Amino acid sequence: HRRRRQRRRSDAMHERPGRGTERKATEMNRRRWLGYLAVAGGVALVGYAVLARPSDEERIRGQLEALAEAVSSPEPVTNVVFRANYLKERFDELLTPDVRVEVPEVGSLPSGPRALALAAARVQTGLGVFDVTLGSLDIEVGVDEGGDGTARGERTDARNAARTADAALARGRVKVGGSSYRREERDVVFALRKDGSTWRVSSVRVSAPD
């Protein structure tokens, strides 16, 4: 019996180094695969974040829809000051400080969100329920607006190219109407500038009724 126990101990001593090496190799393989999975997961998350990020065209469309909603009035405007304050808050978010708006019936409206908000509120007091709806839009990123409302296109020199990289034009149709204003469609051109990741409207040119 003593010899058997000694033989078993001797066998176990000879087997331990091999088993330890196998365990180390298995642990290294396991860590290596965990590293591969972590890298693959990180790449997948980065790819998802890039693909899920809204495009400039989507951001511009969202800003213009927010502007149409802001100037619409589901109820008649009875308090000019209250309406002007509301529009001022929305215009600060959606328009540039030097925004220009041109409408054939009134010509050029006052520049700047505050003056423009007050002018818009005064106009809306006689329109009753007022609704503005965006139709289809043709959005071009990387172009700015000429003095006649036409796109100048991308520039060749570095300074102008950098300037137009943060500019865009959106052309389309808007439906305008209200309880005391017949519903009609008009062509409109929006010029926009990019501030960080936010697009803001820098000018609006509305055509005469069809």
Name the shape class, rounded, prolate or oblate, that the alpha-carbon gyration tensor gives for the range 71-138, where a ≥ b ≥ c are the square roots of its eigenvalues, rounded holds for a/c under 1.5, and otherwise prolate holds if a/b is larger than b/c and oblate otherwise.
rounded
Cut-off under 5 Å, modelled amide H: who pairs with residue 143 long-range
167, 168, 169
Please give the peptides 60-66, 70-76 ranked by average Cβ packing (other Cβ atoms within 10 Å per residue), highest first, as a rough proxy for protection.
60-66, 70-76
Total formal charge among the other residues, if their Cβ is under 11 angstrom from that of residue 173, Lys/Arg +1 and Asp/Glu -1:
-2
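None of the figures in this text is laboratory data; all of them are computed from the coordinates on show. Model, not experiment: these values are computed from the prediction. Here Cβ is always computed from backbone atoms with ideal geometry, including for glycine, and neighbour counts include all displayed protein chains.
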